[in-house]
Amino acid sequence: MKEKGQTFEMFGVVVLGVALIVLLFFLGIFSVKGYTGASGELTERHELESFKAGVNSILYTTEPKTGKTITELLGIASKKGNTTIYFGPGVGSIDVKKELEWRFDAIYGKGNWYLRIPFPNVSADVQIVAVVDTSASMCDEINKLVTDVPEILEGIRAKGKKADMTIFRLGTPSCCIEENGKLVPFDINKAKTTDYFHMTTMPQTYQGLQCKNPCGARGSSDEDWGAGLECAIMMGPYKGPGEFGWRENVIRVAIPISDELPGGIECGCPSAISRRFFDRGMKKAIDEEIYVFGFRGDSCGIANTLRDGVCEREDISNYGGIPYCACSRGAVADWMHDISNATGGEMYNLSYVVDSADAIEKLIMSIQPNRVPYLEAGTIPPKDVKNMRSVTSLLPITVLGKYVELFVYNWNKG
Amino acid sequence: MNCENKLKGKAKGQMSFTLKPFTMLMIIIMLIFLYVYLNSNEVKKEEAKKDLEIRSASTDILLLLANSEDCLAYQLPSGVSAYANIIDVNKLEEFSEVYNGIEPSCARNYDFGFRVEVVEIVMTSMGPREAKKWSFGVQNFSREYHNNLVSYWMPVALKYSEKEVGIGKIRLTIFDGDLQKVAGFLDRSCTMGRAGLINQTSQAFQISYPISYEGGQLCIGMKNKACRKTLCDINMENITAKGNYRLEVSFERPNRLILVT
């Protein structure tokens, strides 16, 4: 019995010792683990804070040409819905996305970050300049425009869409309109103007440029909607007595309204001359990012002309052997189509008189600012990424009095 | 029967005679094992604690440098507040001149030494490149004489003027060691002496390498010495052997510390 007792006694001591060692071993591991774990957490915390601080630092840096901070540029880009901002001829265009990318790449490395800013929905005002051919064949369309468009604009504004229009007429129409079944001389000066609808005569020259040119000796300067378009875009809509100019942050639209080629003499004018006037207008529209909606008149059929104070009905389809009708449906339509397509607009065929005013309403209601929905930069995060850090900041858009959210993500490769 | 009982009793006595010393031996082995284990565990724990302390200090120093108007943060002309994480380049120029070889007082940590490097990043035709560099803090630190070294960086905005703000990185290298501890003690004593708070103080140190004061700098080591600046001039006898020392200092105006071991 004593022998067994001694064996158990020794065995008990060994078990106790082993248990004590195991207990201390684990206690030791956990106490060290506490420090190493805290150390790891501290490092991760530091990296997160450093990432947040980095995003704020980048947003505060300035773009050298404009002196504007990245936050300001992002605010403007959000307002415009475009990541490229044009700051005029002195500065040129600034690509905000590129400005962000090189900074983030330099700090966090290529492929280690991703950024997204959803742009707000902004409904921009519409400003229209219309350049109107005032030859007799356009008499009815002009009459319809000046009669109906002011009311259309009021109606559109009542629906919450803000638009205004300035008509630059290339001459003074000498034609007649039908009133109560009778032809009476059309006096454009009696046309009503409102706060949002203005009419003015295109000057002969503007900033040294000829705004109204005939095609050679036989053409007519009141049909030069090419050079006229260039001058109208440069001048901009009516602002006040003797003042013209475009407002900031609006959708800018130009409408040439004609049934003839710039400078006249339907399709018999040496094409290079008409084309030169046309190209001036198109280039200006493209350079200034103006939407052009070409309104092609139809010079087929009867026109009401005014000669020596007498109204006459004349078939102008092939007047004096000149193929007005064929030209308006051929080259004029083609050119109007070309300029509309090149600038993001659309051509309207004015087959009927009422079409001109209706087309104005349709385009104002349908035109949307050319906006991108968001700015996205960097690399889309890989699916298996570990320890991703993220920051959400608010960016002010001061001109709108709004904020947009900026989401930035950062991770370590591998 | 008696004879049988006698034989049994003898066997039991022999067993007890063998088992007791064996048990004792086992207990001694276990105790030795426990002592060694606990000791090594304590060392590991101490190392982990030091690592945690140095990391924590480095985060504090970086934040102070980039956010305090006493350090590098850009301060509004009105002087009311400072911008966080936006570094005033004028202050940076000043710091790299004034604090060449010593840590700036606005972010001084008396337990560790550190060095700061700020790098400007600019866009070139070849892509983003590091351009101008500024540095301050301890310039010369030898790996031989420090126990821990941690390096952290953080992006910062560099403000040149109201209309010109660039991007850069601030990189902090923080380390500990005998030289940094002694220098920290001396600098703290100097600061307090200058402020008229304490004229005499002492602290115990375990020193592993010789420490001397040469050419206005506190140095450690025999041949490949690592030296650093101190705030006050030091009047001391060189510490030539490793060991435990109690350093006693007294401050003398305007800028001198008398060090006695």
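The values are calculated or read from the model by the stated rules, or taken from the named source; none is laboratory data. The model shown is predicted, which means the values in this text are computed figures rather than measured ones. With ideal geometry, Cβ positions are generated from the backbone for all residues, glycine too; neighbour counts draw on all protein chains shown.
Select, from B:Ala241, B:Ala226, the only residue that is in contact with a Phe, Trp or Tyr (Cβ under 6 Å, 6 or more places away or on another chain) and at pLDDT below 90. Even if it seems obvious, please write down each step before you answer.
Details: B:Ala241 fails: in contact with a Phe, Trp or Tyr (Cβ under 6 Å, 6 or more places away or on another chain).
Just a single option satisfies the conditions, and that option is B:Ala226.
Given A:Val184, A:Val129, which one is surrounded by fewer than 16 Cβ atoms within 10 Å (Cβ to Cβ), part of a strand (DSSP E or B) and β-branched (Val, Ile, Thr)? Spell out the reasoning first.
Values: A:Val129 fails: surrounded by fewer than 16 Cβ atoms within 10 Å (Cβ to Cβ).
None of the other options fit; the residue is A:Val184.
Could you grab me the full set of residues in the range A:211-233 that are surrounded by fewer than 17 Cβ atoms within 10 Å (Cβ to Cβ) and touching a residue at least 12 places away in the same chain (Cβ under 8 Å)? Walk me through how you get there before you give the answer.
As a first pass, look at the range A:211-233 and keep what is surrounded by fewer than 17 Cβ atoms within 10 Å (Cβ to Cβ): A:216-218.
Listed by number, the residues that qualify are A:Gly216, A:Arg218.
If a residue counts only when it is over 22 Å from the mean Cα position of the chain (by Cα) and not assigned by TED's automatic domain parsing to the domain that holds B:Asn140, which strands (runs of 3 or more DSSP E) contained entirely in the range B:164-261 have at least 1 such residues?
Counting at least 1 such residues, we get B:200-207, B:233-236, B:243-252, B:256-260.
Cβ-Cβ distance below 9 Å, separation of 6 or more or different chains: which pairs start in the range B:118-136 with a residue that is under 18 Å from A:Leu100 (Cβ atoms) and free of Cβ contacts under 8 Å to residues at least 12 places away in the same chain and end on one that is surrounded by 12 or more Cβ atoms within 10 Å (Cβ to Cβ) and of a type in the set (Phe, Trp, Tyr)?
From residues that are under 18 Å from A:Leu100 (Cβ atoms) and free of Cβ contacts under 8 Å to residues at least 12 places away in the same chain, the pairs are B:Met123/A:Trp102; B:Gly127/A:Trp102; B:Pro128/A:Trp102.
Across the range A:107-140, which residue is nearest to A:Pro382 (Cα to Cα) among those that are touching a residue at least 24 places away in the same chain (Cβ under 8 Å) and among the polar types (S, T, N, Q)?
Here the residue is A:Asn112.
Being among the aliphatic types (A, V, I, L, M) and part of a strand (DSSP E or B): is that true of A:Ala227 here? So that I can check it myself, show each step before the final result.
On the way: among the aliphatic types (A, V, I, L, M): yes; part of a strand (DSSP E or B): no.
So A:Ala227 does not fit the description; no.
With surrounded by 13 or more Cβ atoms within 10 Å (Cβ to Cβ), at pLDDT below 90 and farther than 30 Å from A:Leu27 by Cα as the only criterion, which of B:Asn67, B:Asn147, B:Asn109 stands out? Even if it seems obvious, please write down each step before you answer.
Values: B:Asn147 fails: farther than 30 Å from A:Leu27 by Cα; B:Asn109 fails: at pLDDT below 90.
Selected residue: B:Asn67, the only one of B:Asn67, B:Asn147, B:Asn109 that is surrounded by 13 or more Cβ atoms within 10 Å (Cβ to Cβ), at pLDDT below 90 and farther than 30 Å from A:Leu27 by Cα.
Taking the options A:Thr62, A:Thr69, name whichever one is within 10 Å of another protein chain (Cβ to nearest Cβ), touching a Ser or Thr at 6+ places or on another chain (Cβ under 7 Å), surrounded by fewer than 22 Cβ atoms within 10 Å (Cβ to Cβ) and under 14 Å from B:Val165 (Cα atoms).
On the way: A:Thr62 fails: surrounded by fewer than 22 Cβ atoms within 10 Å (Cβ to Cβ).
Selected residue: A:Thr69, the only one of A:Thr62, A:Thr69 that is within 10 Å of another protein chain (Cβ to nearest Cβ), touching a Ser or Thr at 6+ places or on another chain (Cβ under 7 Å), surrounded by fewer than 22 Cβ atoms within 10 Å (Cβ to Cβ) and under 14 Å from B:Val165 (Cα atoms).
Taking the stated definitions as given, is B:Tyr74 outside any strand (DSSP E or B), in contact (Cβ under 8 Å) with a residue 12 or more places away in the chain and either among the aromatic types (Phe, Trp, Tyr) or touching a Phe, Trp or Tyr at 6+ places or on another chain (Cβ under 6 Å) (or both)? Before the answer, list the steps.
On the way: outside any strand (DSSP E or B): no; in contact (Cβ under 8 Å) with a residue 12 or more places away in the chain: yes; either among the aromatic types (Phe, Trp, Tyr) or touching a Phe, Trp or Tyr at 6+ places or on another chain (Cβ under 6 Å) (or both): yes.
Against the criterion (outside any strand (DSSP E or B), in contact (Cβ under 8 Å) with a residue 12 or more places away in the chain and either among the aromatic types (Phe, Trp, Tyr) or touching a Phe, Trp or Tyr at 6+ places or on another chain (Cβ under 6 Å) (or both)), B:Tyr74 does not qualify.
Restricting attention to the range B:20-73, and to residues there that are within 10 Å of chain A (Cβ to nearest Cβ) and of a type in the set (Gly, Ala, Ser), which single residue is nearest to the chain's Cα centre (by Cα)?
Among those residues, the one meeting the criterion is B:Ser58.
Which of the residues belonging to the range A:83-128 are polar (S, T, N, Q) and touching a Phe, Trp or Tyr at 6+ places or on another chain (Cβ under 9 Å)? Show your work before the answer.
Going through the range A:83-128, the residues polar (S, T, N, Q) turn out to be A:83-84, A:93, A:112, A:121, A:123, A:127.
If the condition is that a residue be polar (S, T, N, Q) and touching a Phe, Trp or Tyr at 6+ places or on another chain (Cβ under 9 Å), then A:Ser93, A:Asn112, A:Gln127 are the ones that fit.
Please state which of the following conditions B:Ser161 fails to meet, knowing it meets all the rest: (1) closer than 30 Å to A:Tyr60 by Cα; (2) buried (at least 18 other Cβ atoms within 10 Å of the Cβ); (3) polar (S, T, N, Q).
(2)
Could you say which residue among A:Val55, A:Val91 is assigned to a helix (DSSP H, G or I) and of a type in the set (Val, Ile, Thr)? Outline the logic, then answer.
Numbers: A:Val91 fails: assigned to a helix (DSSP H, G or I).
Only one candidate qualifies: A:Val55.
Quick check on B:Met192: is it at pLDDT below 95 and within 12 Å of chain A (Cβ to nearest Cβ)? Give the steps one after another, and end with the answer.
On the way: at pLDDT below 95: yes; within 12 Å of chain A (Cβ to nearest Cβ): no.
No; evaluated as a whole, the condition is false for this residue.
Taking the criterion of being touching a strand residue (DSSP E or B) at 6+ places or on another chain (Cβ under 8 Å), farther than 29 Å from B:Leu218 by Cβ and in contact (Cβ under 8 Å) with a residue 40 or more places away in the chain, would at least one residue in the range B:88-104 satisfy it?
The answer is yes; a qualifying residue exists.
Quick one: A:Val55 ticks every box in (1) more than 10 Å from chain B (Cβ to nearest Cβ); (2) closer than 30 Å to B:Ile61 by Cα; (3) buried (at least 20 other Cβ atoms within 10 Å of the Cβ) except a single one, so which number is it?
A:Val55 satisfies all of (1) more than 10 Å from chain B (Cβ to nearest Cβ); (2) closer than 30 Å to B:Ile61 by Cα; (3) buried (at least 20 other Cβ atoms within 10 Å of the Cβ) except (1).
Taking the criterion of being more than 14 Å from chain B (Cβ to nearest Cβ), in a helix (DSSP H, G or I) and of a type outside the set (Asp, Glu), would at least one residue in the range A:79-88 satisfy it?
Scanning the range A:79-88 turns up at least one residue that is more than 14 Å from chain B (Cβ to nearest Cβ), in a helix (DSSP H, G or I) and of a type outside the set (Asp, Glu).
Are there any pairs with C-beta distances below 8 angstrom linking a residue in the range A:47-72 that is basic (Lys, Arg) to a residue that is buried (at least 23 other Cβ atoms within 10 Å of the Cβ), with the two at least 6 apart or on different chains, and if so which?
Once the first residue is basic (Lys, Arg) and sits in the range A:47-72, its partners that are buried (at least 23 other Cβ atoms within 10 Å of the Cβ) give A:Lys68/A:Thr62.
Considering only the range B:139-153, I want to know if a residue exists there that is part of a strand (DSSP E or B) and away from every other protein chain (no Cβ under 14 Å). Give the steps one after another, and end with the answer.
Let us first name the residues in the range B:139-153 that are part of a strand (DSSP E or B), namely B:149-153.
Among the residues that remain, those that are also away from every other protein chain (no Cβ under 14 Å) are: B:149.
The answer is yes; a qualifying residue exists.
Where the second residue is of a type in the set (Phe, Trp, Tyr) and in a helix (DSSP H, G or I) and the first is at the interface with chain B (Cβ under 8 Å from one of its Cβ atoms) and lies in the range A:14-33, which pairs have Cβ atoms under 8 Å and are six or more apart or on separate chains?
Sorted first by the residue in the range A:14-33, then by its partner, the pairs are A:Ile21/B:Phe33; A:Ile21/B:Tyr37; A:Leu24/B:Tyr37; A:Phe25/B:Tyr37; A:Gly28/B:Tyr37.
Do we have A:Glu49 as touching a Ser or Thr at 6+ places or on another chain (Cβ under 8 Å), under 19 Å from B:Tyr152 (Cα atoms), surrounded by fewer than 22 Cβ atoms within 10 Å (Cβ to Cβ) and not basic (Lys, Arg) here?
Values: touching a Ser or Thr at 6+ places or on another chain (Cβ under 8 Å): yes; under 19 Å from B:Tyr152 (Cα atoms): yes; surrounded by fewer than 22 Cβ atoms within 10 Å (Cβ to Cβ): yes; not basic (Lys, Arg): yes.
Yes.
When you go through B:Thr124, B:Thr191, B:Thr173 one by one, which is the residue that is among the hydroxyl-bearing types (Ser, Thr, Tyr) and farther than 24 Å from B:Ser96 by Cα? Outline the logic, then answer.
Details: B:Thr191 fails: farther than 24 Å from B:Ser96 by Cα; B:Thr173 fails: farther than 24 Å from B:Ser96 by Cα.
Of the residues listed, the single one that is among the hydroxyl-bearing types (Ser, Thr, Tyr) and farther than 24 Å from B:Ser96 by Cα is B:Thr124.
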